Each structure stands twice: as structure tokens, then as C-alpha cells.
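The values are calculated or read from the model by the stated rules, or taken from the named source; none is laboratory data. All of these numbers come straight from a predicted model, not from anything done at the bench. Backbone-built Cβ (ideal geometry, glycine too); neighbour counts: all protein chains shown.
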Amino acid sequence: MKKEIFVGLIAILLLATPVFAQQQIRGIFPDNPLYFLDKIAERIQMFLTFDKAEKVKLHMQFVEERIEEVYVMEIREKPEFIDPLVTEMEMEREMAEDKLDEMKALGQNITALEHDVYEKASQHTAVLERVKEMVPEQHRGPIEVAIDKSQQYMEHVQESVSSPCYECGD
């Protein structure tokens with residue numbers, strides 16, 4: 001009986017995931033009681049992604065979503081959501097960097113992927129700079145930390161790109 005209930009719940013969740021993904025496009029944000037379903041859908045999507053390069057891209061997509069959510073929460077004047085969203089955003093960015101490091105350690109050529117992540121990090125930094133100016137003073141600290149970490153990552157990539165054997169993966 002318990003097994004049947006569990007299988008039924010999993011089936012409902014898997015069937016409902018596309019519906020929730022469509023709703024997210026329309027705007028399920030942290031102040032929505034169904035937001036947890038969006039987070040579950042993200043974790044399922046990540047779990048079902050096996051290619052490391054695709055996982056990096058997915059992590060960066062989630063970073064973009066967190067930035068958008070921070071912006072929307074500021075517009076809706078719900079600053080209590082900002083700090084946790086910035087923390088989640090940083091976590092996603094760090095996981096993307098970790099995957100890149102794993103790929104590099106395995107000798108995979110990540111030149112194009114690293115360039116894409118660099119470009120995304122640059123865009124994220126610019127957006128975060130604008131968002132930082134909008135949020136109340138007490139919520140700027142985590143955003144400033146996120147900006148600093150993003151800039152440090154971009155500097156790290158710049159150093160890698162300028163190394164003599166960047167194209168060969170060393």
C-alpha cells in the first residue's frame with residue numbers, strides 16, 4: 001500500500017513538472033505558496049541531466065532565475081526574500097564553477113564553456129550592480145558579496161585564458 005502511494009506521488013510530480021515549468025515562465029516567485037514546486041522541478045531537472053557541461057549551463061540558468069527573483073521581490077517590496085535568494089544564487093554559481101574544475105581536472109577542453117560562463121557572470125554582475133542600488137541598505141551586503149565573488153571568478157578565468165597553454169587544457 002505504501003509503495004503504491006509513493007509511486008502515485010512520484011507519477012503526479014513527474015506529470016506535473018511541465019505544468020509547473022510553464023507556470024514559472026509566467027511567474028512563480030518566492031512569495032507564491034507553490035514556489036517549492038518550482039524548486040523541486042529544478043532539482044529533478046538537475047538530477048536528470050547527466051552531461052557535466054549541461055549541468056554547468058543549468059546551474060547558470062538557475063543563477064539567472066535567482067537574479068530575476070531578487071529583482072521581482074524588490075519590486076514587490078518583499079525584501080525578506082532577498083538574502084536567501086542571493087545565497088541560493090551563489091550556491092548555484094559555485095556548483096557551476098566546481099563542475100568546470102572537475103571537467104578541467106579530467107583533461108576536458110572547456111574553453112568554449114568557460115567563455116560562456118564568463119560572459120554569463122559578466123552579465124550577472126552588471127544586473128546585480130543595478131539591483132544593489134534598488135534594494136534597502138540592509139540587503140546590499142549579500143549582493144555585494146555575490147558581485148565580488150563573480151568578479152573574482154571572472155579574474156580567475158582571465159588568468160586561465162592568458163596562460164600559455166590555455167587551449168591545450170593545462
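Values as computed for the structure displayed
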{"quantity": "Verdict on K57 being among the basic types (K, R), assigned to a helix (DSSP H, G or I), under 14 Å from the mean Cα position of the chain (by Cα) and outside the structural domain of H156 (by TED's automatic domain parsing)", "calculated": "no"}
{"quantity": "Tabulated pairs, region 75-93, first in the same structural domain as Q61 (by TED's automatic domain parsing) and in contact (Cβ under 8 Å) with a residue 12 or more places away in the chain, second among the hydroxyl-bearing types (S, T, Y) and assigned to a helix (DSSP H, G or I), C-beta under 8 angstrom, 6+ apart or interchain", "calculated": "R93/S150; R93/Y153"}
{"quantity": "Evaluation of P164 against (1) more than 23 Å from D38 (Cβ to Cβ); (2) surrounded by 14 or more Cβ atoms within 10 Å (Cβ to Cβ); (3) at pLDDT below 90 (one fails), failing number", "calculated": "(2)"}
{"quantity": "Test: residue in region 101-124 that is β-branched (V, I, T) and under 17 Å from E69 (Cα atoms)", "calculated": "no"}
{"quantity": "Some residue of region 96-103 being modelled with pLDDT of 90 or more, surrounded by 15 or more Cβ atoms within 10 Å (Cβ to Cβ) and over 17 Å from the mean Cα position of the chain (by Cα)", "calculated": "yes"}
